[in-house]
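The values are calculated or read from the model by the stated rules, or taken from the named source; none is laboratory data. Note that the structure is a prediction, hence the values are computed from the model and not measured. Note: ideal-geometry Cβ built from the backbone for every residue, glycine included; neighbour counts use all protein chains shown. Remember, those area values only see protein heavy atoms, side chains included, never the ligands or the DNA or RNA. Shrake-Rupley method; radii C 1.70, N 1.55, O 1.52, S 1.80 Å.
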Amino acid sequence: MTANTVVAWFSRLYDRLGFLGCSSHSGRRTFVTNAARKVGQAGGSLRDVQQLAGHRSLAMTARYIESDSDSQRRLVNLI
């Protein structure tokens, strides 16, 4: 499969399921965000998430991680 074939496959799948605003990267972005939020529980670091995502730079991985102001407040309260 080519990259464009995968993109088209996900697009048709999401359309059939009625998922609006989803793309071939939606699942990838969700995985990276969830992994980043839980990596500390596994004793890992964001470098581990970077490697799982197959990114060359941590900056690219950071672009996939969605922020959450409630999580930020809870983190500051833990410190």
(Q) Pairs needed: first member in the range 55-79, more than 22 Å from Arg28 (Cα to Cα) and without any contact (Cβ under 8 Å) to a residue 60 or more places away in the chain; second member anywhere, open to solvent by 70 Å² or more (accessible area, probe 1.4 Å) and assigned to a helix (DSSP H, G or I); C-beta distance under 7 Å; at least 6 residues apart or different chains. (A) none
Q: Determine, yes or no, whether Arg12 is assigned to a helix (DSSP H, G or I), under 26 Å from Arg74 (Cα atoms) and open to solvent by 70 Å² or more (accessible area, probe 1.4 Å).
A: no
**Q.** Tally of residues being open to solvent by less than 80 Å² (accessible area, probe 1.4 Å) and over 20 Å from Ser57 (Cα atoms) across the range 28-44
**A.** 1
Q: Name every residue in the range 43-68 that is more than 17 Å from the chain's Cα centre (by Cα) and in a helix (DSSP H, G or I), in order of residue number.
A: none
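To keep it simple, each residue is scored yes or no on (1) within 20 Å of Arg74 (Cα to Cα); (2) in contact (Cβ under 8 Å) with a residue 12 or more places away in the chain; (3) assigned to a helix (DSSP H, G or I); (4) out of contact with any Pro (no Cβ under 9 Å at 6 or more places or on another chain).
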{"residue": "Met1", "(1), (2), (3), (4)": "no, no, no, yes"}
{"residue": "Thr5", "(1), (2), (3), (4)": "no, no, yes, yes"}
{"residue": "Ala8", "(1), (2), (3), (4)": "no, no, yes, yes"}
{"residue": "Gly21", "(1), (2), (3), (4)": "no, no, no, yes"}
{"residue": "Arg28", "(1), (2), (3), (4)": "no, yes, yes, yes"}
{"residue": "Ala36", "(1), (2), (3), (4)": "yes, yes, yes, yes"}
Q) Can you find a residue in the range 4-15 that is basic (Lys, Arg) and at pLDDT below 95? A) yes
